[in-house]
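In what follows, a single structure is set out as structure tokens and then discussed.
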Amino acid sequence: MSAPAQTSAFNHHRGRVAALSRSRTTDDPELVDARQNMRAERLADYIKRTVDAAPALTPAQRDRLALLLRGGDAS
């Protein structure tokens, strides 16, 4: 896979993390939330690129993968 794209949403969250990290402690709730949003954006981009590169999925395969994303056991 290629390197993650730097989407505008990711750059927004990255900039927010940078700004907040200048004056906040690492456990500050707003900074923790900004970091989580940045990581979620990176994950969303990875998932999109992976799905775009994969063959079409059956409805059962989609359901199984959605269950994994929701934190369930897909076995």
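Observations
- Ordering 29, 19, 69 by the projection of their Cα atoms onto the charge dipole of the chain, which places +1 on the Cβ of Lys and Arg and -1 on the Cβ of Asp and Glu, puts 19 at the extreme positive end.
- Average accessible surface area per residue within the chain, 1.4 Å rolling probe, Å²: 77
- Difference of contour (0.36 nm per residue) and Cα-Cα distance, residue 23 to residue 61: 9.2 nm
- Rounded to the nearest 10 degrees, the angle from helix 29-53 to the longest Cα principal axis of the chain is 30 degrees.
- Acute angle (nearest 10 degrees) that the helix 59-69 long axis makes with the longest principal axis of the chain, alpha-carbon atoms: 30
- Cα-projected label distance for residue 30 with residue 11, points at 7 Å along beta-carbon direction, nm: 2.4
- Degrees between helix 8-23 axis and first principal axis of the chain (Cα, 0 to 90, nearest 10): 30
- FRET E, pair residue 45, residue 70, Förster distance 22 Å, beta-carbon r, rounded to 0.05: 0.70
- Here the contact order of the chain, divided by its residue count and restricted to Cα pairs under 8 Å and six or more residues apart, works out to 27 percent.
- Sulfur and carbon atoms: percent of accessible area, the chain [1.4 Å]: 56
- Each Lys and Arg adds +1 at its Cβ and each Asp and Glu adds -1 at its Cβ; summed about the Cα centre, the chain shows a dipole of about 180 debye.
- Ordering 57, 40, 7 by Cα displacement along the dipole of the chain toward the positive end leaves 7 in first place; charges were set at the Cβ atoms of Lys, Arg (+1) and Asp, Glu (-1).
- CD proxy at 222 nm, helix term only [per DSSP H run n ≥ 4: -39500 (n - 2.57); per residue of the chain; nearest 500]: -23500 deg cm²/dmol
The values are calculated or read from the model by the stated rules, or taken from the named source; none is laboratory data. Quick caveat: nothing in here was measured; it's all calculated off a predicted structure. When we count neighbours, we look across all protein chains shown, and the Cβ atoms used for this are built from the backbone with ideal geometry, even at glycine. Surface areas here come from the heavy atoms of the whole protein model, side chains and all, with no ligands, DNA or RNA. Shrake-Rupley method; radii C 1.70, N 1.55, O 1.52, S 1.80 Å.
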